[in-house]
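Enquirer: Pasting a structure below so you can have a look.
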Amino acid sequence: MTVPQRQTRQRAEIVELLGGLEEFRSAQQLHDLLRARGSSVSLATVYRAMQSLSDSGDVDVLLAADGEALYRWCERKAHHHHLVCRECGTAVEIDGPNVERWADAVAAEHGFADVAHTLELFGTCRACRTARG
């Protein structure tokens, strides 16, 4: 049984911040942004909230190259993937029907069921390419 998460002022501040971001951010970056807004939310509270929001499916989690977890508010609850700018971090939620069919076929071919996967595509967005000239 899942216990509903209590809505606190700190959690509301974190959710509001996440709702205004298009890019993935680490818990430390989120904490820094909250502090810049004058919030007194502790870093430990940010980590706990991000874990809870991740567990509930409200945020997407991406592992950076160094293994650090990065978070972004999830616009849709259905399974999806991301296209992420490696320069500015802007992320776009995308569907991947061909990927889904491929994953199902590979799993079936090897006798696997209930397979889950994540797919993140990294590139450079138009704005960053334009800024470079």
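Enquirer: Please find the FRET efficiency linking HIS79 to GLU22, where r is the Cβ-Cβ separation and R0 is fixed at 22 Å, and quote it to the nearest 0.05.
Expert: Approximately 0.60, to the nearest 0.05.
Enquirer: Within segment 68-92, what residues put their amide N at less than 19 Å from the label point 7 Å along the Cα-to-Cβ vector of ASP32?
Expert: Inside the label zone: 68-73, 85-91.
Enquirer: Turning to a different aspect of this structure: Using a simple spin-label model with points 7 Å from Cα along the Cα→Cβ vector, what separation in nm is obtained for ASP66 and ILE94?
Expert: 2.6 nm
Enquirer: What's the FRET efficiency of ARG132 with SER52 using the Cβ-Cβ distance as r and R₀ = 30 Å, to the nearest 0.05?
Expert: Between ARG132 and SER52 the formula returns 0.20.
Enquirer: Run the dipole for the chain about the Cα centre, Lys and Arg Cβ at +1, Asp and Glu Cβ at -1, nothing else charged, and hand back the magnitude in debye, nearest 20.
Expert: For this selection, approximately 600 debye.
Enquirer: Using a Förster distance of 35 angstrom, determine the FRET efficiency expected from the C-beta separation of LEU43 and GLU109, and round it to 0.05.
Expert: Once rounded, the FRET efficiency stands at 0.20.
Enquirer: Something else about it: Roughly what % of DSSP beta bridges within the chain run antiparallel, to the nearest 5?
Expert: 75 percent
Where a number appears in this text, it was derived from the coordinates with a stated rule and is not lab data. Given the structure is predicted, the values throughout are model-derived calculations rather than measurements. All Cβ positions, glycine included, derive from the backbone under ideal geometry; neighbour counts span all protein chains shown.
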